[in-house]
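Okay, so here's the structure we're looking at.
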Amino acid sequence: MKRAAGTVFAFIVALMVGVQTSCITTPVTVTSSTTPMHDKKIIMNYGPATGSNRTWSLFGVWMIGRPDIEKAIQDALKKNGGDALINVSCYEKTWWFLFFALHYVVIEGEAVAFEKGHGKADAEKNPVKPVK
């Protein structure tokens, strides 16, 4: 009889833990590019890229840091290469467990490379001179 009671108790505890564990996904943003595309020519498309950054919180209330979108973008570019992401979507995922929660920010898009001589590097080589 004690064995059956122990099994029922273990089942109830497992059920309570299962009920306390959940996940939610929230869209954050959709954009055409992670960088301005003015006067830039795409020369290579590396394909789909995904990056993420995470942090955790205690009891879902006290968050340690914040998930950083910029770090998620750099993570995606580091994995796939490229200068920027295009056709970008961003969403946040939160996983709740019994006493803590994990918070993720996820970036998805296509990694692309620009033709050299365009953008920031070109502007540094040939700065705009003021008109007198």
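Of 51, 65, which residue is modelled with pLDDT of 90 or more and not hydrophobic (A, V, I, L, M, F, W, C)?
Being modelled with pLDDT of 90 or more and not hydrophobic (A, V, I, L, M, F, W, C) holds for just one of 51, 65, which is 51.
Those residues that are under 16 Å from residue 32 (Cβ atoms), under 13 Å from the mean Cα position of the chain (by Cα) and surrounded by 16 or more Cβ atoms within 10 Å (Cβ to Cβ), I need them from the range 77-108; list them, please.
Across the range 77-108, the qualifying residues are 85, 88, 90, 107, 108.
Within the range 42-70, which residues are surrounded by 14 or more Cβ atoms within 10 Å (Cβ to Cβ) and farther than 18 Å from residue 23 by Cβ?
Result: 42, 46, 49, 51, 68, 69.
Condition first: in a helix (DSSP H, G or I), closer than 16 Å to residue 31 by Cβ and touching a residue at least 24 places away in the same chain (Cβ under 8 Å). Now tell me which residues in the range 58-101 satisfy that.
If the condition is that a residue be in a helix (DSSP H, G or I), closer than 16 Å to residue 31 by Cβ and touching a residue at least 24 places away in the same chain (Cβ under 8 Å), then 69, 72, 73, 76, 77 are the ones that fit.
So how many residues does the range 19-57 have that are assigned to a loop (DSSP other than H, G, I, E, B) and under 16 Å from residue 82 (Cβ atoms)?
Qualifying residue count, the range 19-57: 6.
Kindly indicate which of 128, 88 is within 29 Å of residue 44 (Cα to Cα) and either modelled with pLDDT of 90 or more or touching a helix residue (DSSP H, G or I) at 6+ places or on another chain (Cβ under 6 Å) (or both).
88
The values are calculated or read from the model by the stated rules, or taken from the named source; none is laboratory data. From a predicted model like this one, the values you see are computed outputs, not experimental measurements. Neighbour counts are summed over all protein chains in view; Cβ atoms, including those assigned to glycine, are modelled from backbone coordinates with ideal geometry.
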